[in-house]
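Written below as structure tokens is the structure these notes are about.
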Amino acid sequence: MRSAPRKRKITAILIGLFLSLVTAACALYLLSVRTASSGCIAEIYQNGRLIRTIALYQVQEPYTIEIHGEGGCVNRIEVRPGSIGVTWADCPDRLCVRQGFVRSPAIPVTCLPNKLVITLRAADPIRSAGPDMITY
Amino acid sequence: MNTKKLTTLALYATLSLAVYAAESALPPLAPIPGLKLGLANIVTQILLRRGSPKDASLVLAVRILLSALLFGQAMSLLYSLAGGFLSLLVMWPVNRLLSGKYAPLTGAMGGLAHNVGQLATALIVTATPGVLSYLPFLAPAGILTGLFTGLCAQLADRYLPRRPL
């Protein structure tokens, strides 16, 4: 029969191990996220629906688009060569504007009040432009 | 509930609302939605240590409702409720298992649960799996801020005047 303090210590160590494991897993994942050397494709979601896809690596000149949501909410999005961000919004906290411009798939831009999410994924021009299959 | 207990809990609710207000006046730590210190969680943890889970959830509910009325929008109410109560639901058994010792660990588990609950709500509200890419940031952040609030709760519990609840 183990004493109570000892049992407590074991529980504490187990919890500590669990928390370290979660942290390590997250760190490993963030390190392994593919850095998009070939450029990114931005996908704009509203209410979970994909409403626009923009190949950022093909953008030559910056331009802005406006996304209107339900209830008349607006997000002004600026598309730049290789990056994308929200420059103006009518949401209360403007956290989407503060997130700035993103250029990596590691982190999306989100405007929770307007239910707008911009995610990036790595474009793979080699796979899309090359042959489907090579056999020898 | 007698008058004395009601008054004490109301005081705790006021304290946590004040801490919440002070924290929202600070600039955001990082431009990631949902990332914050969560200082009001200190009060929840003190109540878990001194009172019962019922006391803690009462004060938590009052604080969340009042803060949404005073500072927030309807949306933030949903996130706070999901995060706050999932956090409490996790901290209660952890605090019991550790019998109040190793308070930072309780806080860290609570912080992790809070951010997971919030992100799950965001996933449901936006219906976009893309928001899950915040998880690798929010999970360690919740653990880190939780370690801090847990430590704060332990110290506050030691130095605040001890009155029976």
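May I ask you to order B:22-32, B:134-144 by the average number of other C-beta atoms within 10 Å around their residues, highest value first? Before the final figure, lay out the partial values.
Details: B:22-32: 11.6, B:134-144: 21.9.
Packing proxy ranking, top to bottom: B:134-144, B:22-32.
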Answer in debye to the nearest 20: the dipole magnitude of chain B about its Cα centre, from +1 Lys/Arg and -1 Asp/Glu charges placed on Cβ, is 640 debye
Restrict the search to the range B:99-165; then list the trypsin sites (Lys or Arg not before Pro) that DSSP places in a loop and that have at most 16 other Cβ atoms within 10 Å of their Cβ.
B:K101, B:R162
In the protein assembly as shown, with Lys and Arg counted as +1 and Asp and Glu as -1 at Cβ, which of these residues, A:V86, B:A103, A:Y63, has the Cα nearest the positive end of the dipole, that is, farthest along it?
B:A103
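What is the dipole size for chain A, taken about its Cα centre, with +1 at each Lys and Arg Cβ and -1 at each Asp and Glu Cβ, in debye to the nearest 20?
The dipole of chain A has a size of about 1120 debye.
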With the radius of gyration and the Kirkwood radius both derived from the Cα set of the range A:40-123, what is their ratio Rg to Rh?
0.93
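Counting partner chain Cβ atoms within 10 Å of every residue's Cβ in A:107-117, what's the average?
Rounded to a whole number, the mean comes out at 6.
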The range B:99-158-the range B:32-62 distance, computed between alpha-carbon centres (Å)
12 Å
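Express in % the proportion of alpha carbon pairs of the protein assembly as shown at distances exceeding 30 Å. Write out the running numbers ahead of the final one.
On the way: 18738 of 45150 pairs.
Within the protein assembly as shown, distances greater than 30 Å cover 42 percent of Cα pairs.
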With each label point set 7 Å from Cα along the Cα-Cβ vector, what nm distance links A:L30 and A:W88?
3.3 nm
Nearest-0.05 FRET efficiency for B:K4 and A:I13 at R0 = 41 Å, using Cβ-Cβ distance, is 0.55
For chain B, what is one quarter of the convex hull surface built on the Cα atoms, given in nm²?
9.4 nm²
For chain A, the longest principal axis of the Cα atoms and the Cα long axis of helix A:4-32 enclose an angle in degrees, to the nearest 10, of 20 degrees
So what is the calculated 222 nm ellipticity per residue for the protein assembly as shown, using -39500 (n - 2.57) for each DSSP H run with n of 4 or more, over all residues, to the nearest 500 deg cm²/dmol?
-18000 deg cm²/dmol
Would you mind computing, in nm to one decimal, how far apart the modelled labels at A:R121 and B:R49 are, each placed 7 Å from Cα along Cα→Cβ?
4.8 nm
Taking every Cα atom in the range B:6-93, find the radius of gyration and the maximum pairwise distance Dmax, and write them in Å.
12.5, 39
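Each reported figure results from applying straightforward, stated rules to the coordinates on display, with no laboratory input. Bear in mind the structure is a predicted one, so any value in this text is a computation, not a measurement. All Cβ positions, glycine included, derive from the backbone under ideal geometry; neighbour counts span all protein chains shown.
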